[in-house]
Amino acid sequence: MDKNLQDAIAKVKEKYDDGLVNAGDDFRIVKCMQRALAGRALTVAFLGGSITQGSLASTPQGCYAYRTFEWWEKNFPDSKISYWNAGIGGTTSHLGVGRVSEEVLSQRPDFVIVEFSVNDEDVNPHFEETYESLVRVILEAPWKPALMLVHNVRYDDGGNAELIHRPVGERYRLPSVSMKPVLYAKVAEGALDKRSITPDDLHPNDLGHELVAGVITNYLEKVRQKALELGPDQNCGGEADKEDHFLPLPLAITRSSYENVKRYRNYQITPVACQGFLQDDEPQKAIADCFKRGWTAKEKGARIAFRVSGENIAVQYRKTVRKPAPVATLYLDGNRREGIELDANFTETWGDCLYLETILEHGNPGEHLVEIEITETSEEDAETFYLVSLIAG
């Protein structure tokens, strides 16, 4: 590493404290660390998009999530720390709230990081609501896990969804760190060459992941000092010290109506009609191995239908870079005049997309009929239409 880059990194590290954009209430994190000091086993979990998954890190151990886990291991040697990474590239907090119970809370994590600020669209009330609902679902888990919010950033323009995510963190007094006033600030002022930390203006390389983890663990180290002063604690939640399990009402701008949504895959729901769609029963090898346990079709006229209940409904399907691919049409509640196009042809080139299409929001909370029909095919089709899941509630 040349001297100029070393100096630039040193300047970034000097600004780590600026990354704490909401101090919040560290009570749950302190209690978590006190249990670790007492030798209790802990699970640290991460939920987010491609940066959390570790995209463009040279190894799985190079991503910010694993580096943060290593900080816990190093600083709490008497505790068995387990690592759980539930990052999936190209996904938003909408999918996050749909899968958090099955793919994160099922592990009973003690400490959770949520990172969706470069995936959710900025100034979009839909994502403010799905993000808040996700936060509430985690905080309402009976064992009261500690939650920390991380806001990554795009390094070409400094864009992210902090404008709608930070009010959520403030509402629930959640410690939140951002890369915008630290890494991006140094890029913007010319003190740090962005190509030294990201090859594509979004995903960090190994050095970028190291610095992201540094902003996170810089905060965690301060909390650890507080936990050390208080000493070990065998208690699971600390209810005797503080009643923190009553959440405030949701933000006025949202209804937090996504708290009860559930994700349905082919082992969780049975179609009420199925003609030409095949069930994919191939085992899923990892959380990010996401095009599994759905339904496939390739012939025009193939049809599948489900009955689901809820005021919010979305369908998830694969948009593929292997084109051409079939196009389907979705009909809600038998309305054949207003079909919603589900085009499996992806216009970008970075890889297949786990695309989520909202088809009902704040609608009638009763039962709904969702019908999907293949309406366009080609003899040159390179892929099938892949229906991954439904999210409803």
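The values are calculated or read from the model by the stated rules, or taken from the named source; none is laboratory data. From a predicted model like this one, the values you see are computed outputs, not experimental measurements. Here Cβ is always computed from backbone atoms with ideal geometry, including for glycine, and neighbour counts include all displayed protein chains. Side chains are part of the model used for accessible areas, which takes the heavy atoms of the whole protein and leaves out ligands, DNA and RNA. Shrake-Rupley method; radii C 1.70, N 1.55, O 1.52, S 1.80 Å.
Being among the acidic types (Asp, Glu), in a strand (DSSP E or B) and in contact with a strand residue (DSSP E or B) (Cβ under 7 Å, 6 or more places away or on another chain), is that true of even one residue in segment 322-344? Yes, because at least one residue in segment 322-344 is among the acidic types (Asp, Glu), in a strand (DSSP E or B) and in contact with a strand residue (DSSP E or B) (Cβ under 7 Å, 6 or more places away or on another chain). Within segment 135-149, can you find the residues that are surrounded by 19 or more Cβ atoms within 10 Å (Cβ to Cβ) and in a loop (DSSP other than H, G, I, E, B)? Of everything in segment 135-149, those that are surrounded by 19 or more Cβ atoms within 10 Å (Cβ to Cβ) and in a loop (DSSP other than H, G, I, E, B) turn out to be Lys144, Pro145.
Per this entry, Glu383 is not counted among residues that are open to solvent by 30 Å² or more (accessible area, probe 1.4 Å), in a loop (DSSP other than H, G, I, E, B) and at pLDDT below 95.
Quick test of your reading of the structure: Pro365 fulfils all but one of (1) over 21 Å from Asn119 (Cβ atoms); (2) within 26 Å of the chain's Cα centre (by Cα); (3) at pLDDT 95 or above. Name the failing condition by number. Against the list (1) over 21 Å from Asn119 (Cβ atoms); (2) within 26 Å of the chain's Cα centre (by Cα); (3) at pLDDT 95 or above, Pro365 comes up short only on (3). The residue that is farthest from Tyr131 (Cα to Cα), among those in segment 13-55 that are β-branched (Val, Ile, Thr) and either touching a Ser or Thr at 6+ places or on another chain (Cβ under 8 Å) or crowded, with 22+ Cβ neighbours inside 10 Å (or both), is Thr43.
Of all residues in segment 288-306, those that are at pLDDT 95 or above, open to solvent by less than 40 Å² (accessible area, probe 1.4 Å) and in contact with a strand residue (DSSP E or B) (Cβ under 6 Å, 6 or more places away or on another chain) total 8.
Looking at segment 245-254, can you tell me whether even one residue there is exposed (fewer than 12 other Cβ atoms within 10 Å of the Cβ), on the phi < 0 side of the Ramachandran plot and at pLDDT 85 or above? Yes, some residue in segment 245-254 is exposed (fewer than 12 other Cβ atoms within 10 Å of the Cβ), on the phi < 0 side of the Ramachandran plot and at pLDDT 85 or above. Going by what's in this entry, would Ile359 be described as among the β-branched types (Val, Ile, Thr) and within 21 Å of Lys300 (Cα to Cα)? No. Among the residues making up segment 264-277, those that are open to solvent by 50 Å² or more (accessible area, probe 1.4 Å) and over 29 Å from the mean Cα position of the chain (by Cα) are Val272, Cys274, Gln275, Gly276. The number of residues in segment 100-121 being in a helix (DSSP H, G or I) and crowded, with 23+ Cβ neighbours inside 10 Å comes to 1. Checking Asn124, Asn160 one by one, the residue that is open to solvent by 10 Å² or more (accessible area, probe 1.4 Å) and not hydroxyl-bearing (Ser, Thr, Tyr) is Asn124 and no other. For segment 70-85, the condition of being surrounded by fewer than 23 Cβ atoms within 10 Å (Cβ to Cβ), of a type outside the set (Ser, Thr, Tyr) and touching a Gly at 6+ places or on another chain (Cβ under 6 Å) holds for at least one residue. Taking only pairs six or more apart or across chains, which ones have beta-carbon atoms under 9 Å, a first residue in segment 189-214 that is over 12 Å from Asn152 (Cβ atoms) and touching a residue at least 40 places away in the same chain (Cβ under 8 Å), and a second residue that is open to solvent by less than 40 Å² (accessible area, probe 1.4 Å) and among the charged types (D, E, K, R)? Between residues of segment 189-214 that are over 12 Å from Asn152 (Cβ atoms) and touching a residue at least 40 places away in the same chain (Cβ under 8 Å) and residues that are open to solvent by less than 40 Å² (accessible area, probe 1.4 Å) and among the charged types (D, E, K, R), the close pairs are Leu192/Lys186.
Among the residues examined, Tyr16 does not qualify as among the aromatic types (Phe, Trp, Tyr), under 22 Å from Asp200 (Cα atoms) and touching a residue at least 24 places away in the same chain (Cβ under 8 Å).
Among the residues in segment 194-205, are any over 25 Å from Gln61 (Cβ atoms), of a type in the set (Asp, Glu) and more than 16 Å from the chain's Cα centre (by Cα)? No, segment 194-205 contains no residue that is over 25 Å from Gln61 (Cβ atoms), of a type in the set (Asp, Glu) and more than 16 Å from the chain's Cα centre (by Cα). Looking only at segment 185-216, residues that are touching a helix residue (DSSP H, G or I) at 6+ places or on another chain (Cβ under 7 Å), over 18 Å from Asn160 (Cβ atoms), open to solvent by 20 Å² or more (accessible area, probe 1.4 Å) and outside any loop (DSSP other than H, G, I, E, B) come to 4 in all. From the list Gly96, Gly90, the one residue that fits, being surrounded by 24 or more Cβ atoms within 10 Å (Cβ to Cβ) and either of a type outside the set (D, E, K, R) or out of contact with any His (no Cβ under 7 Å at 6 or more places or on another chain) (or both), is Gly96.
Note on segment 363-379: residues that are open to solvent by 60 Å² or more (accessible area, probe 1.4 Å) and in a strand (DSSP E or B) amount to 2.
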